[in-house]
Amino acid sequence: MPAAHAASPTLHDPLPLASGQVLPNRIMKSALSEGLANADNAPDARLERLYGRWSRGGYGLIVTGNVMVDRRHCGEPGNVAMEDERHLAALTRWARVAKDGGAKVWVQLNHPGRQANPIVTRNRAVAPSAIAMGIPGVPAPRALTEDEIGDIIARFGRAARIAEAAGFDGVQIHGAHGYLVSQFLSPLSNQRTDAWGGDADRRRRFVIEVARSIRAAVSPGFGLGIKLNSADFQRGGFTEDESRAVLEELSGEHVDLFEISGGSYESPAMMGRPRTASASTRAREAYFLDYAETARQAAGGVPIAVTGGFRSHTAMSEALAAGTCDVVGLGRPAAVIPTAAADLLDKRTDALRPPHISLGLPPRLAANGSLKSFDGALDLQWHTDQLHLIGAGKDPDPERSPWLTAVTMLRRNGFDAFRSKRAAAARTAADRAARKFRVERTMGRYVMNPTVRALDKVGIRTAFASEIETVGRKSGAPRRVPVSLLFDDEGAWAICQHGLRSGWGRNIAANANVRVRQGDSWRTGTAVLLPDDDVVARARTFAPHPALAPLARGVIAALESDPVTVRITFTDR
Ligand SMILES: Cc1cc2nc3c(=O)[nH]c(=O)nc-3n(C[C@H](O)[C@H](O)[C@H](O)COP(=O)(O)O)c2cc1C
């Protein structure tokens with residue numbers, strides 16, 4: 001164990017890692033998502049300017065903001081993505097500038113899973129299971145297939161290889177804050193029953209395979225770290241016991257450094273829990289030290305960094321001297337004071353004092369749920385604004401009024417800004433989907449349905465263009481809508497294009513009794529919605545004949561409106 005014994009370590013002490021690299025001191029710039037990549041998800045001069053400032057900031061280790069392993073799934077607008085070598089020259093410039101001051105520089109690799117930002121992620125979000133986040137308006141993800149899981153694991157390895165080729169010193173797996181790796185770990189978001197879920201061992205498998213994929217892709221001297229939650233702070237979620245079990249297993253996978261954080265965008269513990277923090281936590285500043293103490297044994301010889309809340313030289317030095325952690329991580333202070341580490345090490349300051357970002361409303365108002373989450377989003381956005389200032393070649397502006405950020409957020413997102421940052425973005429996408437749904441419903445009502453009826457009247461009737469009769473939820477009266485049906489001996493398949501947003505979908509959910517028209521006769525049956533069915537594959541079975549392919553494609557194109565497969569089973573025979 002590198003700490004706590006012999007002479008007490010100090011912030012100045014170098015830290016040798018298992019890969020052979022040595023961190024020049026114990027202060028780490030933790031990952032801060034910059035949102036400064038260009039439209040092609042590549043770094044440009046703005047990221048170089050920002051990292052140029054941090055490289056002269058005295059840090060022992062600089063971890064970049066999260067970099068995506070799949071550009072089709074981004075956590076925020078402006079994420080860098082590393083999928084192949086198309087941007088190797090730009091990545092190499094970024095690495096060179098960041099390393100210029102002597103810090104080791106690691107790239108944080110991430111896949112957002114169900115926390116993908118809907119504004120920049122056109123594809124449907126993916127996750128271990130098709131379970132939506134507990135944030136209103138965020139669309140439900142679809143469950144990953146085994147092949148897709150293998151592909152993502154390989155992508156982490158490939159991204160690490162590109163990072164090494166660009167000249168970075170290592171990578172850090174983002175295993176915290178509710179993104180894909182932590183979605184696999186949490187029983188709330190991973191309810192698979194195959195080799196990737198079902199019990200804690202199998203939920204851990206994804207992160208272990210990601211670590212192995214990275215190690216297999218890079219040279220032994222390349223650094224590997226992981227940022228892991230102590231817990232996800234949600235009832236029934238990932239616990240501290242499970243977190244320790246992950247550390248124990250990963251300690252056998254040639255990992256150089258564990259970074260401890262906690263929470264997710266549903267429960268953002270990583271940004272502080274001042275109301276619930278114990279007196280000892282308040283005195284020690286960092287929120288996850290109590291957990292870090294209990295994680296030592298599980299971590300084996302792998303050093304531990306703790307991030308979240310550290311502000312003073314005293315608290316940082318005491319945590320190192322007590323052997324509670326080996327590295328201190330700084331997030332928000334580094335956004336406002338790029339030279340935070342050097343200022344502490346050279347004793348230019350005793351404590352970093354980044355402003356507390358809040359609207360500063362009276363406590364009664366501030367306790368209101370919406371205003372509280374607005375404050376959380378404001379905190380993130382205000383610090384992102386600082387990164388953008390530095391990226392533009394200016395100085396950070398600690399005096400920047402939070403109200404200025406608030407007005408920008410409101411202008412951009414309207415009242416949705418009162419939800420969390422991610423939720424606000426999701427809301428905008430949900431609005432787009434709702435608009436699309438309204439257009440399609442109008443088309444269906446006033447164009448498609450009358451056309452089918454007119455064809456029907458002149459005797460052009462196909463099994464494909466048929467009808468379903470459901471029981472009206474409110475009226476109890478029969479409701480008929482034109483629908484495409486694919487019959488077999490036991491019943492029929494249908495695709496409810498708008499799932500539970502369509503009237504007939506909701507009718508079925510309330511009352512399974514239906515009638516469907518097969519040619520000229522009406523059949524009786526029961527219908528169930530099958531949200532787990534692969535609706536794209538199902539839509540294709542509707543069009544075995546090439547002439548019908550455009551129709552099937554139309555159904556597939558409607559995916560954005562959450563179509564759901566419906567199975568009707570005849571009960572009249
Ligand atoms: C603007 C902003 C962006 C962040 N982006 C990331 C990120 O990309 N990856 C990550 O692991 N944590 C991210 N975090 C969390 C920080 O790394 C850190 O855990 C958190 O800010 C708590 O540390 P602090 O109290 O020193 O700020 C971000 C925080 C902020 C304020």
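The values are calculated or read from the model by the stated rules, or taken from the named source; none is laboratory data. Bear in mind that the values here come from a model prediction, so they are computed numbers and not experimental data. Because the Cβ atoms are built from the backbone with ideal geometry, glycine has one as well, and the counts that use them run over all protein chains shown.
Within region 134-155, which residues are over 23 Å from residue 232 (Cα atoms) and either of a type in the set (A, V, I, L, M, F, W, C) or within 16 Å of the ligand (Cβ to nearest atom) (or both)? It would help to see each step written out before you state the result.
The first filter runs over region 134-155 and keeps only residues over 23 Å from residue 232 (Cα atoms), leaving 145-148, 150-151, 154-155.
154 - this is the single residue of region 134-155 that is over 23 Å from residue 232 (Cα atoms) and either of a type in the set (A, V, I, L, M, F, W, C) or within 16 Å of the ligand (Cβ to nearest atom) (or both).
State all residues of region 37-57 that are in a loop (DSSP other than H, G, I, E, B) and surrounded by 24 or more Cβ atoms within 10 Å (Cβ to Cβ); if no residue qualifies, say none. Matches in region 37-57: 37, 43.
Out of the residues in region 30-40 that are more than 12 Å from the ligand (Cβ to nearest atom) and touching a helix residue (DSSP H, G or I) at 6+ places or on another chain (Cβ under 8 Å), which is farthest from residue 67 (Cα to Cα)? Step by step, filter region 30-40, then rank; the result is 40. Taken together, the residues in region 171-214 that are at negative phi and not in a loop (DSSP other than H, G, I, E, B) amount to 26. The residues in region 99-120 that are more than 15 Å from the ligand (Cβ to nearest atom), aliphatic (A, V, I, L, M) and touching a strand residue (DSSP E or B) at 6+ places or on another chain (Cβ under 8 Å) can be counted, and the count is 1. Go through region 14-61 and count every residue that is in contact with a strand residue (DSSP E or B) (Cβ under 7 Å, 6 or more places away or on another chain) and either outside the structural domain of residue 253 (by TED's automatic domain parsing) or over 11 Å from residue 338 (Cβ atoms) (or both). Matching residues across region 14-61 total 16.
The residues of region 500-522 that are farther than 12 Å from residue 473 by Cβ and of a type outside the set (Ser, Thr, Tyr), listed by number, are 501, 512, 513, 514, 515, 516, 517, 518, 519, 520, 522.
Looking at 109, 91, which one is part of a helix (DSSP H, G or I) and either surrounded by 22 or more Cβ atoms within 10 Å (Cβ to Cβ) or in contact with a His (Cβ under 9 Å, 6 or more places away or on another chain) (or both)? Explain how you work it out, then say what you get.
Numbers: 109 fails: part of a helix (DSSP H, G or I).
Exactly one residue qualifies, and that residue is 91.
The C-beta contact set for region 54-71 (first residue under 16 Å from residue 96 (Cβ atoms), second residue aromatic (Phe, Trp, Tyr) and modelled with pLDDT of 95 or more, distance under 9 angstrom, 6+ apart or interchain) comprises 62/51; 62/54; 62/106; 64/51; 64/94; 64/106; 64/168. All of 289, 330 fail the test of being touching a strand residue (DSSP E or B) at 6+ places or on another chain (Cβ under 9 Å), at pLDDT below 95, crowded, with 21+ Cβ neighbours inside 10 Å and not polar (S, T, N, Q), apart from 289. When region 309-363 is filtered for residues that are part of a loop (DSSP other than H, G, I, E, B) and near the ligand (Cβ under 10 Å from one of its atoms), the ones remaining, listed by number, are 309, 310, 311, 331, 352, 354, 357. Figure legend. Inter-residue proximity from region 323-338: first residues closer than 21 Å to residue 258 by Cα and of a type outside the set (A, V, I, L, M, F, W, C), second residues assigned to a helix (DSSP H, G or I) and within 8 Å of the ligand (Cβ to nearest atom), beta-carbon distance below 7 Å, spacing 6+ or different chains. Indicated pairs: 332/383.
With respect to residue 234, determine if the residue is modelled with pLDDT under 95 and under 18 Å from the mean Cα position of the chain (by Cα). Step through it out loud before you land on a result.
Details: modelled with pLDDT under 95: yes; under 18 Å from the mean Cα position of the chain (by Cα): yes.
So residue 234 fits the description; yes.
Total residues in region 232-257 satisfying the condition of being in a loop (DSSP other than H, G, I, E, B) and hydroxyl-bearing (Ser, Thr, Tyr): the figure is 2. Note on region 502-514: among residues that are surrounded by fewer than 19 Cβ atoms within 10 Å (Cβ to Cβ) and in contact (Cβ under 8 Å) with a residue 40 or more places away in the chain, the one that is farthest from residue 572 (Cα to Cα) is 511.
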